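Right, one structure below, let's go through it.
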């Protein structure tokens, strides 16, 4: 009875009082500061932060960091890696804190308070596509790691980031960039009254034997109307994919490193967001939004294993509407206490969503086709206390979700409901003006695919399957320290995280894959040094030990859980009007199967950029993959079959290479 009343109360309250998934954000005054190009500059947080692993990056206002793809913008979060194993229009593969986050299962991103992760997605749970984001329009990125924050909910067990775009740009601009492999990009930002308009057009064929034929357009408009900030975003992309390839074909000389098996893989996607935000001060915030999303994705990872005649290409397709709201309100009953209450609600109306067997992108049969609706609500409260050098906050979050699945197979239709309570605790002690210590604990979660919560049989084999819970809880704790003095800052965090399960819907198979509970232990270190104006160094390192809990018979290693990630950057004003910057990313090795008998190798890539300014004109030179690394963006181990091979296929390493060195030049005019 109590469970039923809790769920009913959440759904009743959430639409009325919605919360925002971002921290208090104060606008950055750009006009009073000389423009300096820096690599992911992070703002000082002593006296404000509640953990050692949170921060804010002032990025969009003045950075020209070289980016191969928009998803790499997320790599300003220390310890986060964004790679790709398919075409440029597909969501990135994310790695953080020993998680192979797939396309976003335990890491969430919001754009101006609007959540971007997609539930019950055709390709993967929590699918996080940020390719529609224009980096030049992003003003700040607030990041938090761990489940210690009541404000954030679904998909944030490992971390969360809040992208905030400009209200108005420091200056209007237009820029064009060209490069090898028929790369071309035009970006424009125009201040219009109290708002802005932005446009991003990109084309590229990539270095692949099969030309990528990327065609992308993203447009953003923002205006103030009667105290509300109204934003509209439109994104559309089409591309041809070069997916991962089997190592044995490369060694046999039948396939080049940049080749592909199925030349008809690819995709098309679109997303439209309309949102309104009222944020009069730091004490209150309200966001309402409406989204329209579509995807058609054609892939072939096993080639001729399942269907020796037509091949194993499949299409994952969906369309959905998303409507939601979030908000919070703050009270200060005394000088020492601050109380904040918030709530959120969201409705995903998805359908049709399907998995189809295809050949040359033509549908041959249907593995499954469903329509579903997911309604969720969450309420949360935090009580923060501060006295002298000590700060503490106690938070509690309550979430509920209801799903209704209408499947093409009546045995996989049904409804399900779940609820979860998540307590949070953060402690901070400012030992001196330069040193602060932290201790944090809390529970977070990710939702599981709605179809797995009601299914009875496998859609592909018709074998009986077990239902999965709608919520997968994660309990974590962290100890940390932060040092800031002069031009030097550093932080260190020791953390632990336990997930009750990593049950995820496997869109490639149309089924839910069950895994055991997991545990992760890790350490993260971040340091930034500016020895003099115009010179800045950053380095971050994260190491993780990730294991399945219990004693699994096949081994306790978690596939694709990176053992470490190192990122570093340097920015130097080498001439009065010239700035040189470089960044490095090194991904450590990882087990590819549970018994650790197959492993991926470490991968390193270095990017370089030079910007020279001539008054309102800036000329840029980007050298991506400066050292022409032949490492891999991502590596998997599984069975596939090429023509002439045994019917059961061959177990092998499959990989997607880092793109070879390429040069891009650009011209920017500000007015």
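Bear in mind these aren't lab numbers, they're just calculated from the coordinates by the rules spelled out. This one's a predicted model, so the numbers in the text were calculated from it and none came from an experiment. Positions of Cβ are backbone-derived with ideal geometry, glycine not excepted, and every protein chain shown enters the neighbour counts.
Can you give the direction-averaged projected area of the convex hull of the alpha-carbon atoms in region 260-326, in nm²? Answer in nm², one decimal: 6.9. Across region 185-311, Cα-Cα pairs more than 22 Å apart make up 56 percent of the total.
Ranked by the mean number of other Cβ atoms within 10 Å of their residues, highest first, the peptides 94-107, 516-529, 245-258 come out as 94-107, 516-529, 245-258. Convex hull volume per residue, computed on the Cα atoms of region 161-211, equals 103 Å³. The mean of 1/r over all distinct Cα pairs in region 539-590, once inverted, gives the Kirkwood hydrodynamic radius of 13.9 Å. The orientation-averaged shadow of the Cα convex hull for the chain, equal to a quarter of the hull surface, comes to 28.3 nm². Rounded to the nearest 500, the 222 nm mean residue ellipticity of the chain from helices alone is -1000 deg cm²/dmol, with -39,500 (n - 2.57) taken per DSSP H run of at least 4 residues.
What do you get for Rg/Rh of region 445-599 when both radii come from the Cα atoms and Rh is the Kirkwood radius? Spell out each step's value before the answer.
Details: Rg = 21.6 Å, Rh = 18.9 Å.
That ratio is 1.14, to two decimals.
Once you have all Cα-Cα distances for region 510-607, histogram them in 5 Å bins from zero and send the whole-percent values. Whole-percent P(r) values from 0 Å outward: 3, 11, 16, 16, 14, 11, 9, 7, 5, 4, 3, 1, 0. Measuring spread by the Cα atoms of region 306-358 yields a radius of gyration and Dmax of 23.4, 74 Å. The fraction of all Cα pairs in region 324-464 landing in successive 10 Å bins from 0 to the largest distance is 10, 26, 23, 17, 13, 9, 3, given as whole percents. Shape analysis of region 609-671 yields a ratio of the Cα radius of gyration to the Kirkwood radius, Rg/Rh, of 1.37.
May I ask you to order 347-356, 430-439 by the average number of other C-beta atoms within 10 Å around their residues, highest value first?
347-356, 430-439
Across region 124-180, the convex hull enclosing all Cα atoms gives 137 Å³ per residue. The share of C-alpha pairs in region 242-298 whose separation exceeds 17 Å stands at 65 percent.
Seen from a random direction on average, the alpha-carbon convex hull of region 550-656 projects onto 10.9 square nanometres. Peptides 163-175, 645-657, ordered by how many other C-beta atoms sit within 10 Å of their residues on average, highest first, read 163-175, 645-657. Inter-label distance, residue 309 to residue 601: 4.1 nm, where each label sits 7 Å from its Cα along the C-beta direction. The coefficient of translational diffusion for region 408-502, derived via Stokes-Einstein from the alpha carbon Kirkwood radius under 10 °C and 1.306 mPa s, stands at 94 µm²/s. Note on region 60-145: Rg/Rh from Cα positions, Kirkwood definition for Rh, rounded to two decimals, is 0.93. If you wrap the tightest convex hull around every Cα atom of region 237-367 and split its volume per residue, you get 186 Å³. From the P(r) of region 103-246, could you give the percentage of C-alpha pairs in the tail past 26 Å? So the pairs more than 26 Å apart make up 38 percent of the total in region 103-246.
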